[in-house]
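A quick write-up on the structure given underneath.
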Amino acid sequence: MKTLTFAALDALTEQATQSPRARMNQNLHESLDDSIQRLAIAMEPSTYIRPHLHHHTWELLTALRGRFVVLTFDEAGVVIDRKVLGEDTSVIESPVKTHHTVLSLDPGAVIFEVKHGPYRPFVEADYADWSAPADTPEAAAFMEWVKTAQVGDRWAA
């Protein structure tokens, strides 16, 4: 039996606070080739999840600790859905080929993700072309915008 204990979540959160990306994951799947990927991701509010899509899978998210803003976008970058996991929503499933982003609202927050494998590292074509690359001033500004963005809003760098 595989488990995620509260002590394991505490350790994962501590690792995230020490990581330059301000996040850390613990896989439940055995290998990156597994057909279903299952992982807990500790995400600090300063981590940037660039708007992206998955060409081969849906993605299911649920909050284990804390709250997360999840925005879904159309091709032009207009917000078409906004949910706050851990506050007004328990589970979200993003469809295949749909741009989305996630922002942790709380220190120590942990999200659980399930999607089809095998694991595929992101390539530039997976990112929304209107979004800012990581480690740029625009990325930091985007994260602030995500906190309050509503359906119908569009990011303007």
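The values are calculated or read from the model by the stated rules, or taken from the named source; none is laboratory data. Since we're looking at a predicted model, the values are computed, not measured. Backbone-built Cβ (ideal geometry, glycine too); neighbour counts: all protein chains shown. Side chains are part of the model used for accessible areas, which takes the heavy atoms of the whole protein and leaves out ligands, DNA and RNA. Shrake-Rupley method; radii C 1.70, N 1.55, O 1.52, S 1.80 Å.
Answer yes if at least one residue in region 32-50 is closer than 16 Å to residue 120 by Cα, touching a Lys or Arg at 6+ places or on another chain (Cβ under 7 Å) and of a type in the set (A, V, I, L, M, F, W, C), and no otherwise.
No, because not a single residue in region 32-50 is closer than 16 Å to residue 120 by Cα, touching a Lys or Arg at 6+ places or on another chain (Cβ under 7 Å) and of a type in the set (A, V, I, L, M, F, W, C).
So in region 97-126, with the set limited to residues that are in a loop (DSSP other than H, G, I, E, B), touching a strand residue (DSSP E or B) at 6+ places or on another chain (Cβ under 9 Å) and of a type outside the set (S, T, N, Q), which one is nearest to residue 14 (Cα to Cα)?
First pass over region 97-126, keeping only residues in a loop (DSSP other than H, G, I, E, B): 97-98, 105-108, 117-123.
Next, only the ones that are touching a strand residue (DSSP E or B) at 6+ places or on another chain (Cβ under 9 Å) stay: 98, 105-106, 108, 117-119, 122.
From what is left, the residues that are of a type outside the set (S, T, N, Q) are 105-106, 108, 117-119, 122.
Values: 105: 17, 106: 14, 108: 8, 117: 27, 118: 28, 119: 25, 122: 25 Å.
Out of the qualifying residues, it is 108.
Condition test on residue 141, is it in contact with a helix residue (DSSP H, G or I) (Cβ under 6 Å, 6 or more places away or on another chain) and not hydroxyl-bearing (Ser, Thr, Tyr)? Lay out the reasoning, then the answer.
On the way: in contact with a helix residue (DSSP H, G or I) (Cβ under 6 Å, 6 or more places away or on another chain): no; not hydroxyl-bearing (Ser, Thr, Tyr): yes.
No.
Could you list all residues from region 42-83 that are at positive phi and either among the polar types (S, T, N, Q) or open to solvent by 30 Å² or more (accessible area, probe 1.4 Å) (or both)? So that I can check it myself, show each step before the final result.
Initial filter on region 42-83 (at positive phi): 66, 77.
66 - this is the single residue of region 42-83 that is at positive phi and either among the polar types (S, T, N, Q) or open to solvent by 30 Å² or more (accessible area, probe 1.4 Å) (or both).
Looking at (1) within 18 Å of residue 69 (Cα to Cα); (2) among the charged types (D, E, K, R); (3) not in a helix (DSSP H, G or I), which is the one condition that is false for residue 129?
Single failed check for residue 129: (1).
Scan (1) open to solvent by 20 Å² or more (accessible area, probe 1.4 Å); (2) not in a loop (DSSP other than H, G, I, E, B) for the single condition residue 37 breaks and write down its number.
Every listed condition holds for residue 37 apart from (1).
Being modelled with pLDDT under 95 and part of a loop (DSSP other than H, G, I, E, B) is the filter here, so list the residues in region 132-157 that pass it.
Selection gives 132, 133, 134, 135, 136, 155, 156, 157.
Suppose the filter is of a type outside the set (Lys, Arg) and either over 26 Å from residue 118 (Cα atoms) or surrounded by fewer than 17 Cβ atoms within 10 Å (Cβ to Cβ) (or both); does residue 94 pass it?
On the way: of a type outside the set (Lys, Arg): yes; either over 26 Å from residue 118 (Cα atoms) or surrounded by fewer than 17 Cβ atoms within 10 Å (Cβ to Cβ) (or both): no.
When the stated conditions are applied, residue 94 does not pass them.
Could you check region 11-34 and list, in sequence order, the residues that are open to solvent by 30 Å² or more (accessible area, probe 1.4 Å), of a type outside the set (Ser, Thr, Tyr) and either over 17 Å from residue 64 (Cα atoms) or in a loop (DSSP other than H, G, I, E, B) (or both)? Spell out how you get there, then give the answer.
The first filter runs over region 11-34 and keeps only residues open to solvent by 30 Å² or more (accessible area, probe 1.4 Å), leaving 11, 14-15, 17-18, 20-21, 23-28, 30-34.
Adding the requirement that they be of a type outside the set (Ser, Thr, Tyr) leaves 11, 14-15, 18, 20-21, 23-28, 30, 32-34.
Listed by number, the residues that qualify are 18, 20, 21, 28, 30, 32, 33, 34.
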